[in-house]
Amino acid sequence: MGEVEREAALWAATGETGVSSKAMLATFMGKPPKSRFCYPHDGGDLGRCIGLLDTIPQFRKRLPEMRAIGPEWAALVDHWSELERRWRANDAGLYKRMKAILNPIERTNPNLIQLDGGSLHFGK
């Protein structure tokens, strides 16, 4: 097992993981997720992704690879610097900004049903 793999295993064992951060790890390890719904949906999700990048800095330069997972990831990657800056500043407007980025894309996904305060996703 190489150093990156060891670091990834240690990170995964911390419990500070989620669907989106695990999707990042899988992609960077050569096993991209099958569903595009694995993007960060809020500041907590984003923070876990940032935690992975902080733990394994070599992955940061590979962030553009996440664009291939789907349009939601592509949009978030395009705004990553801003979103990370807001997350690190504990900006109360982070969620609203993420939704402003994601809502136009989510509205075009026929497998996503928007609900007041949440959403349901079906299929890939």
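The values are calculated or read from the model by the stated rules, or taken from the named source; none is laboratory data. All values reported here derive from a predicted model rather than from experimental measurement. Here the Cβ is made from the backbone with ideal geometry for all residues, glycine too, and neighbour counts use every protein chain on show. The accessibility values were calculated without ligands, DNA or RNA, using every heavy atom of the protein model including side chains. Shrake-Rupley method; radii C 1.70, N 1.55, O 1.52, S 1.80 Å.
Numerical summary
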item	result
Contour minus Cα-Cα distance for LYS61 and THR108 (0.36 nm per residue)	14.0 nm
Spin-label zone in segment 58-73 - amide nitrogen under 16 Å from a point set 7 Å from the Cα of GLU16 along the C-beta vector	58-60
Computed over the chain, the ratio Rg/Rh where both radii use C-alpha atoms and Rh is Kirkwood	0.96
Accessible-area composition of the chain, carbon plus sulfur, in percent [1.4 Å probe]	56 percent
Positive dipole terminus of segment 35-79, leading residue within PRO40, PHE59, PRO71 (C-beta point charges)	PHE59
Helix 94-106 vs. the chain, principal-axis angle (Cα, 0 to 90°, nearest 10)	70 degrees
Heavy-atom surface of the chain, accessible at 1.4 Å and reported per residue (Å²)	56 Å²
0 to 90° range, to nearest 10: angle between helix 3-13 axis and the chain longest Cα axis	50 degrees
Test item: Cα-centred dipole of the chain, Lys/Arg +1 and Asp/Glu -1 on Cβ, debye	260 debye
